[in-house]
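Note sheet for the following structure.
Readers should treat all values here as calculations from the given coordinates under stated rules, not as data from a laboratory. Remember, it's a predicted structure, so these values are computed and weren't measured experimentally. Virtual Cβ from ideal backbone geometry, glycine too; neighbours counted across all protein chains shown.
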Amino acid sequence: MRIVHTIAETREIIAQAKSLGKSVGLVPTMGYFHEGHLSLMRKAREENDFVVASIFVNPIQFGPSEDLEKYPRNMARDSQLAEGAGVDFIFNPAVDEMYPKGYNTYVDVEKITEGLCGARRPGHFRGVATVVLKLFNIIQPNSAYFGQKDFQQLKVIERMVTDLNLQIRIVPMPIVREADGLAMSSRNTYLSADERQAALILSKSLRAAEEMIHEGHTAPEEITTTIREFIGSEPLARIEYIKVLDPDTLVTLPTNWKNALLALAVKIGNTRLIDNTILKR
Ligand code: AMP
């Protein structure tokens with residue numbers, strides 16, 4: 001499996017695959033692969049003739065006090081794992097290949113980016129939408145694969161694809177978890193042993209909310225209050241947000257809701273973790 005660093009070479013490889021009538025699947029990532037990433041690659045492999053994974057730690061989606069510098073990287077391990085998952089090539093550009101001197105164009109998806117992580121990480125989704133549109137233009141995939149772990153990101157990409165008339169099928173994929181329930185994330189490597197244990201409070205609270213629905217407690221305010229207390233009982237946890245929202249629009253639910261997004265962002269020590277589930281009644 002090849003690792004390609006330039007846009008020009010990537011375009012040549014894609015043009016060749018397309019000239020043979022091959023369908024192209026893209027899995028955009030920041031690397032440091034885990035089973036969550038690999039599940040996207042396997043799905044792309046099943047559904048396409050040619051599979052590209054991109055690895056790019058995109059500086060413009062990180063805030064000034066965030067973890068850009070220390071974000072985990074391991075190209076040798078990633079390429080082995082990607083090859084095992086059936087990826088045909090990895091696109092791994094340098095920062096100045098993607099944002100050369102004079103770069104000045106950004107994609108702003110409005111409204112849906114205002115709440116949740118968008119409110120806590122100004123500029124984050126502008127960076128995400130910009131890099132994903134660039135990747136779409138460079139790789140021209142038929143289908144692109146995104147995890148529901150980053151639920152708001154998925155919605156932002158879907159909005160962008162609709163609004164800008166991109167002919168790309170966006171495939172949402174379920175959250176992959178560790179055996180004990182923790183949602184897989186490259187950032188889990190930051191957690192100490194105690195923090196790793198404390199981090200279970202996120203997935204446990206999602207299960208507790210599902211239990212509440214089961215018992216007929218469906219008012220969003222009641223769910224958020226209970227979950228706030230539940231997470232508050234973990235001394236290492238600091239809540240950023242707990243929201244119950246409409247999963248399509250990310251705005252407040254009507255009282256007769258059928259499906260609701262419960263989304264959490266919680267700091268465990270210095271590590272910011274997110275998780276979510278779709279509640280059904
Ligand atoms: P990242 O490398 O963290 O930017 O993630 C790349 C892609 O993998 C995104 O579409 C994520 O939503 C997806 N992803 C990350 N973690 C998981 C997970 N635990 N389960 C499923 N997909 C995931």
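Number of residues in the range 105-143 that are crowded, with 18+ Cβ neighbours inside 10 Å, of a type in the set (Gly, Ala, Ser) and over 21 Å from Ala183 (Cβ atoms): the value is 3. A count restricted to the range 88-136 and to residues that are within 19 Å of Ser54 (Cα to Cα) and either small (Gly, Ala, Ser) or in contact with a Gly (Cβ under 6 Å, 6 or more places away or on another chain) (or both) stands at 4. Among the residues of the range 73-82, are any over 24 Å from Ala17 (Cα atoms), within 18 Å of the chain's Cα centre (by Cα) and without any contact (Cβ under 8 Å) to a residue 40 or more places away in the chain? No, because not a single residue in the range 73-82 is over 24 Å from Ala17 (Cα atoms), within 18 Å of the chain's Cα centre (by Cα) and without any contact (Cβ under 8 Å) to a residue 40 or more places away in the chain.
Contact map, the range 117-137: residues that are under 22 Å from Ile274 (Cα atoms) paired with residues that are assigned to a helix (DSSP H, G or I) and charged (D, E, K, R), Cβ distance under 9 Å, separation 6+ or inter-chain. Pairs shown: Cys117/Asp150; Val128/Asp150; Ala129/Arg159.
Select from the range 155-173 the residues that are out of contact with any strand residue (DSSP E or B) (no Cβ under 7 Å at 6 or more places or on another chain) and in contact (Cβ under 8 Å) with a residue 60 or more places away in the chain and list them in ascending order. Selection gives Lys155 alone. State whether the residues of the range 103-124 include one that is more than 14 Å from the ligand (Cβ to nearest atom), among the basic types (Lys, Arg) and in a loop (DSSP other than H, G, I, E, B). Yes, there is a match, as at least one residue in the range 103-124 is more than 14 Å from the ligand (Cβ to nearest atom), among the basic types (Lys, Arg) and in a loop (DSSP other than H, G, I, E, B).
Go through the residues of the range 242-259 one by one and say whether even a single one is buried (at least 17 other Cβ atoms within 10 Å of the Cβ) and among the charged types (D, E, K, R). Yes - at least one qualifying residue is present in the range 242-259. Can you tell me which residue within the range 142-175, out of those that are within 24 Å of Gly115 (Cα to Cα), in contact with a helix residue (DSSP H, G or I) (Cβ under 7 Å, 6 or more places away or on another chain) and β-branched (Val, Ile, Thr), is nearest to the ligand (Cβ to nearest atom)? Once the filter is applied, the top-ranked residue is Ile175.
Please work out if Ala209 is without any contact (Cβ under 8 Å) to a residue 40 or more places away in the chain and either crowded, with 18+ Cβ neighbours inside 10 Å or out of contact with any Ser or Thr (no Cβ under 7 Å at 6 or more places or on another chain) (or both). The answer is no for Ala209. Scanning the range 61-85 for residues that are in a loop (DSSP other than H, G, I, E, B) and in contact with a strand residue (DSSP E or B) (Cβ under 6 Å, 6 or more places away or on another chain) yields nothing. Selection over the range 20-54 of residues that are in contact with a helix residue (DSSP H, G or I) (Cβ under 7 Å, 6 or more places away or on another chain), part of a helix (DSSP H, G or I) and more than 7 Å from the ligand (Cβ to nearest atom) gives a count of 2. If you go through the range 174-215 and keep only what is closer than 16 Å to Asn270 by Cβ, in a helix (DSSP H, G or I) and either in contact with a Leu (Cβ under 8 Å, 6 or more places away or on another chain) or of a type in the set (Phe, Trp, Tyr) (or both), you end up with Arg187, Asn188, Tyr190, Asp194, Glu195, Arg196, Ala198, Leu202. If you check Gln152 against the conditions, is it assigned to a helix (DSSP H, G or I) and without any contact (Cβ under 8 Å) to a residue 12 or more places away in the chain? No.
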